[in-house]
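Here is the structure we will look at.
The values are calculated or read from the model by the stated rules, or taken from the named source; none is laboratory data. The model shown is predicted, which means the values in this text are computed figures rather than measured ones. These area figures cover heavy atoms from the full protein model, side chains too; ligands, DNA and RNA do not enter into them. Shrake-Rupley method; radii C 1.70, N 1.55, O 1.52, S 1.80 Å.
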Amino acid sequence: MVTIKHTRESIAELEKELNHYKTAHDKLTAGLKEAVAESIKYKRERDELIEDLSNYRRVLKVFARLIKGKLAINASDRYIQYQHMLDDIGINTDELEAD
């Protein structure tokens, strides 16, 4: 059987190394907690932006329906211009009946 004898100096050195690892662990844990908190914050912001975009898109669809109705009555250049603008951003007035 192997017997390990430690001197006061070797024990002090091992304790110093242990404290070094504990400090490193604490720093990494704190950094991870900060990263998780920041990630949660960004996820909330992302979700709010997605909701805002959804609301804007819904308003644009209502506007597109209005323009489509106006074009059915009076095909003036002003309404045609609005329709082209809506088409450019992906609000197709021809597909509004599906929504």
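Quick notes on this structure:
- Angle between the chain longest axis and helix 8-73 axis [Cα atoms, degrees, rounded to 10]: 0
- Projected-area average for the chain over all orientations - Cα convex hull basis, square nanometres: 13.2
- Relative contact order, whole percent, for the chain stands at 20, derived from Cα pairs under 8 Å and 6 or more residues apart.
- In degrees, nearest ten, helix 77-88 long axis to first principal axis of the chain (Cα): 30
- Reach of Lys16 by Cα under 23 Å, taken over lysines that are not fewer than 8 positions away in the same chain: Lys5, Lys27
- Helix-only [θ]222 nm of the chain, DSSP H runs n ≥ 4, -39500 (n - 2.57) each, per residue, nearest 500: -29000 deg cm²/dmol
- With all protein chains kept in place, the per residue accessible area of the chain amounts to 90 square angstrom at a probe of 1.4 angstrom.
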